[in-house]
Amino acid sequence: MYRRLFLIFSFIVIVISVHAQKWQPGRFTDIKGNVQTGLIHTNPSGKAPIKDEAFIEFKEDNKAEPFKLSAGDLRSFIVGKDSFVVAHAPQNENWSRSELDFVKVVLDEPVKLYAAQAGSGKGRGFGFSPGISTGIGTGGYGGGFGGALGGGLSIPIGGRGGSEKTTWYFGENTAEMKRLTNENFEDIMTDIMGDEPDVVDKIRSKVYVLGNIDKLVAYFKQVTASHKTE
């Protein structure tokens, strides 16, 4: 009896939390470089403004009428602690739902680490729901992002549903983005994290592999953050 009540209560709390996260403080940069701050909804329903392009919704404040922003209108956006950039499907890949989509900037290093949602072997952009998500971010795009991937609810952005695994990409920018694989994992991640010898040693000794990259990112951010307190 008490267990059932507890489960029902927990479910209600989760539903309320998800609903509360519908609109999050954030800002976007359009294709002309203009920046606008307000509230962003990363998982809007309804038809996309432009076929084969992901979209978000934006409003200046709680009283304003929301409007849709297609990926083609934007360079990037930040919502909560998460930063996203617009990207086309990498060379030799087809994204299954939106050819122009959003990918999350996980690490903003000279060679960046991106995360996207994958379906049936085809990558596509996505978003972790702000506030109840993984909290992985980047200092360069959003500033002061922290946390680690794993354990949070994942809600795709751009009016898309479904639960699909994460696909990881790397590159100096989205135009040069390539898929991170088991075969190139060690070379790429030691390049991205090369300023931290202890992290590199753990990558080379197989403590961290593609299957637990979330823990690697968390450890890397922990190590880099520790330097700021020394």
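Values in this text are rule-based calculations from the coordinates and carry no lab data. Since the structure is predicted, the reported quantities are computational estimates derived from the model, not experimental observations. Every residue, glycine among them, receives a Cβ derived from its backbone with ideal geometry; neighbour counts consider all protein chains shown.
Take the cross-link list LYS81/LYS228; LYS59/LYS215; LYS59/LYS112; LYS51/LYS81; LYS59/LYS104; LYS22/LYS178 and give me the ones stretching past 26 Å between alpha-carbons.
Numbers: LYS81/LYS228 20 Å; LYS59/LYS215 35 Å; LYS59/LYS112 30 Å; LYS51/LYS81 28 Å; LYS59/LYS104 21 Å; LYS22/LYS178 31 Å.
Correct reply: LYS59/LYS215; LYS59/LYS112; LYS51/LYS81; LYS22/LYS178.
Does the stretch 58-119 come out rounded, prolate or oblate by the C-alpha gyration tensor, with a ≥ b ≥ c the root eigenvalues, rounded set by a/c under 1.5 and, if not, prolate when a/b is larger than b/c and oblate if not? Intermediate values should be presented prior to the final figure.
Working: a/c = 2.60, a/b = 1.50, b/c = 1.74.
Oblate, since a/c reaches 1.5 and b/c is not below a/b.
Cα gyration tensor of the stretch 187-230, axes a ≥ b ≥ c as square roots of the eigenvalues: rounded (a/c below 1.5), prolate (a/b > b/c) or oblate?
Details: a/c = 2.17, a/b = 1.58, b/c = 1.38.
Prolate, because a/c is 1.5 or more and a/b exceeds b/c.
In percent, how large is the relative contact order of the stretch 173-230, given Cα pairs closer than 8 Å and 6 or more residues apart?
Working: 27 pairs, mean separation 16.8, N = 58.
Once normalised by length, the contact order is 29 percent.
Add +1 for every Lys or Arg and -1 for every Asp or Glu among the other residues with Cβ under 11 Å from the Cβ of PHE170, and state the total. Working shown, then result.
Numbers: positive: LYS112, LYS178, ARG179; negative: GLU109, GLU172, GLU176, ASP187, ASP191.
Net charge in that neighbourhood comes out at -2.
Please arrange GLU93, GLU176 by counting, for each residue, the other beta carbons lying within 10 Å of its beta carbon, fewest first.
On the way: GLU93 19, GLU176 13.
By the 10 Å Cβ count, ascending, the order reads GLU176, GLU93.
Sorting ARG27, ARG204 on the 10 Å Cβ count, fewest up front, what's the list? Don't skip to the answer; put the middle values down first.
Details: ARG27 16, ARG204 12.
With the fewest neighbours first, ARG27, ARG204 line up as ARG204, ARG27.
Using 1/(1 + (r/R0)^6) with R0 = 45 angstrom and r between the beta carbons of VAL209 and GLU99, what's the FRET efficiency to the nearest 0.05?
On the way: r = 31 Å, r/R0 = 0.68.
My answer for the efficiency is 0.90.
Taking a ≥ b ≥ c as the square roots of the eigenvalues of the Cα gyration tensor of the stretch 28-73, is the shape rounded (a/c under 1.5), prolate (a/b larger than b/c) or oblate?
Details: a/c = 2.45, a/b = 1.15, b/c = 2.14.
In terms of gyration-tensor shape, oblate.
So how much slack lies between GLU65 and ASP195, counting 0.36 nm per residue of separation and subtracting their Cα-Cα distance, in nm?
Numbers: separation 130, 0.36 × 130 = 46.80 nm, distance 4.65 nm.
Computed gain between GLU65 and ASP195 is 42.2 nm.
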